[in-house]
Amino acid sequence: MTKDAFTALRQGEMVLLYDFDDRERETDLAMRSDMMNPRHICQMRNEAGGLICTAIPYLAAQKLGLPFAREVLRNCAMVEKLGDIPYDPSNNSSFSLWVNHRDTFTGITDRDRTKTVNAISEIVQNVLNGKQVSFKEQFRTPGHMPILIAAENLLSQRHGQTELSVAMAEMAGIPQTITICEMLDDESGNALSKEDAIRYAKQHDLAFIEGSEVLDQWEHVTYPARDCAGQALATNRI
């Protein structure tokens, strides 16, 4: 890693988050959603080029009544089935609804997407803090911001970018709503290689972190060392 990714995420900087060599082999630009502004959306669409999505924790989705897309489309013959995803046949995708904030116009502009992203982060934090909220009063679907729901047990269950980003936020002690966008290669049309992603990070003084590093930290926090009496030892946030 070129600089500490957890500190960078905490401070509202973009982080380059690579998943795994045996999975998608993709790097996402990732940033905490509550600190995003139109310039960040612009950077993601111009310099990453993939799909800009917002990842939220499973518990928040449950409390907000947000379904997975496959649940909404269960009667459609094309809906994904377990095993359909070639890089992760044991899990389904994390896509939920695509939404716009009700105060947006078309929903696609940098300012409109920023409004939606910031509001998603706020409502997620409010519902996790026990406040009474109504998702439908603030958002409409279909829209231009895909929501991704992390697996209930995060990296203990699934190793996607959704889980990696939400797990990083949890370990960093920040709101667990992260906006991500895949980095694509303009010349090949494929995912940007890990080597090129590392070069991009160095050129722009951004943190680069691999999924394996996040997973190592997660397992340390989730399964902390125990003393001779079997009691879990205290662990600090990263």
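The values are calculated or read from the model by the stated rules, or taken from the named source; none is laboratory data. The structure presented is a predicted model; accordingly, all values stated were derived computationally and were not measured. For neighbour counting, all protein chains shown are included, and Cβ atoms are generated from backbone atoms with ideal geometry for every residue, glycine included. Areas reflect the complete protein model, heavy atoms only, side chains present, ligands, DNA and RNA absent. Shrake-Rupley method; radii C 1.70, N 1.55, O 1.52, S 1.80 Å.
Does Asp84 satisfy the criteria of being within 22 Å of Pro175 (Cα to Cα) and more than 18 Å from the chain's Cα centre (by Cα)? When the stated conditions are applied, Asp84 does not pass them.
With the structure loaded, tell me whether Gln176 is touching a Leu at 6+ places or on another chain (Cβ under 9 Å), over 18 Å from Ile41 (Cα atoms) and open to solvent by 30 Å² or more (accessible area, probe 1.4 Å) or whether it fails that test. Considered against the rule, which asks whether it is touching a Leu at 6+ places or on another chain (Cβ under 9 Å), over 18 Å from Ile41 (Cα atoms) and open to solvent by 30 Å² or more (accessible area, probe 1.4 Å), Gln176 comes out as yes.
Results for (1) open to solvent by 10 Å² or more (accessible area, probe 1.4 Å); (2) touching a residue at least 40 places away in the same chain (Cβ under 8 Å); (3) within 19 Å of Leu215 (Cα to Cα), shown as yes or no for each residue.
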| residue | (1), (2), (3) |
| --- | --- |
| His159 | yes, yes, yes |
| Leu164 | no, yes, yes |
| Ala167 | no, yes, yes |
| Glu182 | yes, yes, no |
| Lys194 | yes, yes, yes |
| Tyr200 | yes, yes, no |
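The single condition among (1) in contact with a Pro (Cβ under 6 Å, 6 or more places away or on another chain); (2) open to solvent by 60 Å² or more (accessible area, probe 1.4 Å) that Glu152 does not meet is (1).
Condition check ((1) open to solvent by 40 Å² or more (accessible area, probe 1.4 Å); (2) not small (Gly, Ala, Ser)) across all residues:
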position: Glu47; (1), (2): yes, yes
position: Ala55; (1), (2): no, no
position: Leu64; (1), (2): no, yes
position: Phe68; (1), (2): no, yes
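Counting only helices (runs of 4 or more DSSP H) that sit completely within the range 20-119, those holding 2 or more residues that are in contact with a helix residue (DSSP H, G or I) (Cβ under 8 Å, 6 or more places away or on another chain) correspond to 38-43, 58-64. Within the span defined as the range 88-98, one or more residues are free of Cβ contacts under 8 Å to residues at least 12 places away in the same chain and in contact with a Gly (Cβ under 6 Å, 6 or more places away or on another chain). Against the condition touching a Ser or Thr at 6+ places or on another chain (Cβ under 6 Å), surrounded by fewer than 19 Cβ atoms within 10 Å (Cβ to Cβ) and at pLDDT 95 or above, how does Pro38 come out, does it pass? Considered against the rule, which asks whether it is touching a Ser or Thr at 6+ places or on another chain (Cβ under 6 Å), surrounded by fewer than 19 Cβ atoms within 10 Å (Cβ to Cβ) and at pLDDT 95 or above, Pro38 comes out as yes.
If you go through the range 121-139 one residue at a time, how many are open to solvent by 80 Å² or more (accessible area, probe 1.4 Å) and either among the basic types (Lys, Arg) or outside any loop (DSSP other than H, G, I, E, B) (or both)? Qualifying residue count, the range 121-139: 4.
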